[in-house]
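Here the structure comes first, spelled out in structure tokens, and everything after it is commentary.
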Amino acid sequence: MHKCTKIGIVGLGTVGTGVTKLIEKNKDLIRKRCGFDIEIGWLCDIDLERDRGIDLSKYRCTTNYMDVIEDDEVDIVVELVGGTGVAFDIIAQALKRGKSIVTANKALIAKRGKELIELLKNSPKSEIGFEASVGGGIPIIKTIKESLAGNRIKSIYGIINGTVNYILTRMEKDNVDFGTALKEAQKKGYAEADPSLDIDGIDAAHKASILATITFGRFIGIEDVFVEGISNIDLMDIKFSLELGYRIKLLAIIKENKGEIEIRVHPTLIPLEHPLAKIDGVYNALSIFADFAGHIMVYGKGAGMYPTASSVIADIIDISRNIKNSSTNRVPIFSFVDEIDVKIKPVEEIVTNYYLRIMAVDKPGVLSKISGILAKQEISIEAVIQKGRGEKDLVPIVMTTHEAKEKSIQKAIEEISSLDIVGGKPILYRIERLEDGPLM
Ligand code: HSE
């Protein structure tokens, strides 16, 4: 048995720094748990000057990732560069040399996961661990790939972007404006290098694509995910939603019904009494419904240096144990050996409840015109709130609907927008009741 696993960390940003600190702090504990050491063979970054609170003189450092990849003693390359270009090259080169990979790179997996599968075919002893790609410190990938392996998973609802959840929480609870809340999230190291990935829902869509892929048995890429972000969220809608008994969350929705999968990420009204509605700040949570295990929830910090480092090290230990026990690829990268034929349901075909806010003049007949248009599309209104008065100023009319087809609500919105008593396009959010199905 080797006495240690040698790793090379490429990318010393927030997460790379966290992994280095974790290994420094918990080295003895890891040795006791595993019977071997995790040794940092290399640290690699283009900037080796910045103070990260680590004494870099204790390590072999380089600015050239090929030094790490070409070192025969390195067993695992930890790719923490991010993005889908250089990061892919690092992984491809390392796999070619028979090394294993640990990465937190959700964009890379969601966009180029199929290529990774191909690369692994030529490097049968290599593994790719990506626990840190979804949910920060929450062990969700292993939960789905291994702990629930005997179950058919019917639905996953997830708050899986810490930055957005932080912004929504600060807006609602502390009346902080969008821009200030975003700056705070950036300062805390939660946001992506390009924060529009968070705000536009793309980061959550990357994570949703990974979850759907390991859940349903065929590669489901980012292009399969319907996505809307939170950049247009208005405090008014957050408050009206609360009045109606809902909280707005950027929710990843992944569900399967008769071989058809819905996969979408958008601002969603969820019932205040559901545990997901209580997830505040940078916390992430996932609510999973599996046919035998039933309802499961996992909760934890979805971003940040230490939580994400915890997931990276879990993969490093897992792969190291597999190497030591000659059992690499015990679990297939995306959890299925045989592909399953599942179809993605187009978003126009979904059926759900809706929240609508229409800015309209306040005079007799307005509401009946709007409800007439909804009725023509067979959309039934569940609740209405109208606040404010004034025939000149526009006032908000807020409605929730019973279940309706997306196609129909979009047609209704188009027609409502064209009314001269209405100002601008109505605001539309989807509502999810988050009800569990029956077991089995
Ligand atoms: N920007 C991401 C987030 C980081 O805020 O959740 C963790 O993936």
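Here ARG31 sits with roughly 100 square angstrom of accessible surface, probe radius 1.4 Å.
The rule of thumb for compact globular proteins, 2.2 N^0.38 Å, goes into the C-alpha radius of gyration of the chain 1.08 times. Of the GluC sites (Glu not before Pro) found in segment 395-440, the ones in coil according to DSSP and having at most 10 other Cβ atoms within 10 Å of their Cβ are GLU435. Per residue, the accessible area of the chain comes to 43 Å² when a 1.4 Å probe rolls over the protein heavy atoms. Our summary gives segment 1-130 a relative contact order of 24 percent, counting only alpha carbon pairs under 8 angstrom and 6 or more residues apart. Peptide packing for 420-428, 381-389 was compared via the average number of neighbouring C-beta atoms within 10 Å per residue; ordered from the highest value, the list is 420-428, 381-389.
Given a 1.4 angstrom probe, I'd like the percentage of the accessible area of segment 295-433 that is carbon and sulfur, rounded to a whole number. Carbon and sulfur atoms account for 50 percent of the accessible area of segment 295-433. Please state the Cα pair-distance histogram of segment 346-436 with 5 angstrom bins from zero: what percent is in each bin? Answer for segment 346-436: a P(r) of 3, 14, 26, 26, 16, 9, 4, 2, 0, 0 percent. Averaging Cα coordinates gives a centre for segment 125-157 and one for segment 291-305; these two points are 10 Å apart.
Checking the cross-link pairs LYS142/LYS278; LYS345/LYS411; LYS207/LYS405; LYS111/LYS278 against a 21 Å limit on the alpha carbon distance flags LYS142/LYS278; LYS207/LYS405; LYS111/LYS278 as lying beyond it. Ranked by the mean number of other Cβ atoms within 10 Å per residue, highest first, peptides 244-255, 45-56 order as 244-255, 45-56. Of all beta bridges DSSP finds with both residues in the chain, what is the antiparallel percent, to the nearest 5? Around 65 percent antiparallel, to the nearest 5. Highest mobility in the GNM of the chain, judged by mean-square fluctuation with C-alpha springs under 10 Å and restricted to VAL164, VAL176, VAL265, is found for VAL176. Packing here is the average count of other Cβ atoms within 10 Å per residue, and on that basis the peptides 233-239, 349-355, highest first, run 349-355, 233-239. With 23 Å as the limit, the listed pairs LYS6/LYS324; LYS376/LYS407; LYS154/LYS301; LYS96/LYS301 have LYS154/LYS301; LYS96/LYS301 beyond it between alpha carbons. Hydrodynamic radius of segment 255-412 by the Kirkwood approach over all distinct alpha-carbon pairs: 20.6 Å.
Couplings 3J(HN,Hα) of segment 40-57, computed from phi: 7, x, 8, 10, 10, 7, 6, 10, 9, 9, 4, 7, 10, x, 10, 8, 5, 5 Hz, in residue order, whole Hz [Karplus 6.51 cos²θ - 1.76 cosθ + 1.60, θ = phi - 60°; x for Gly and Pro]. Taking all protein chains as present, what is the carbon and sulfur share of the accessible area of segment 35-141, in % to the nearest whole number, probe 1.4 Å? Using a 1.4 Å probe with all protein chains present, segment 35-141 comes out at 47 percent carbon and sulfur.
Mean separation of Cα pairs under 8 Å and 6 or more residues apart, divided by the residue count, gives the chain a relative contact order of 16 percent. Our coupling estimate for segment 196-203, obtained by passing each phi through the Karplus curve with A = 6.51, B = -1.76, C = 1.60 and θ = phi - 60°, is 5, 4, 6, 5, 7, x, 5, 4 Hz, Gly and Pro reported as x.
Using only alpha-carbon positions in segment 140-301, the gyration tensor eigenvalues give semi-axes of 27, 17, 14 Å once each is multiplied by 5 and square-rooted (largest first).
The values are calculated or read from the model by the stated rules, or taken from the named source; none is laboratory data. Quick caveat: nothing in here was measured; it's all calculated off a predicted structure. Cβ coordinates were reconstructed from backbone atoms using ideal geometry, including for glycine residues, and neighbour counts include every protein chain displayed. What goes into the accessible areas is simple: the full protein's heavy atoms, side chains included, and nothing from ligands, DNA or RNA. Shrake-Rupley method; radii C 1.70, N 1.55, O 1.52, S 1.80 Å.
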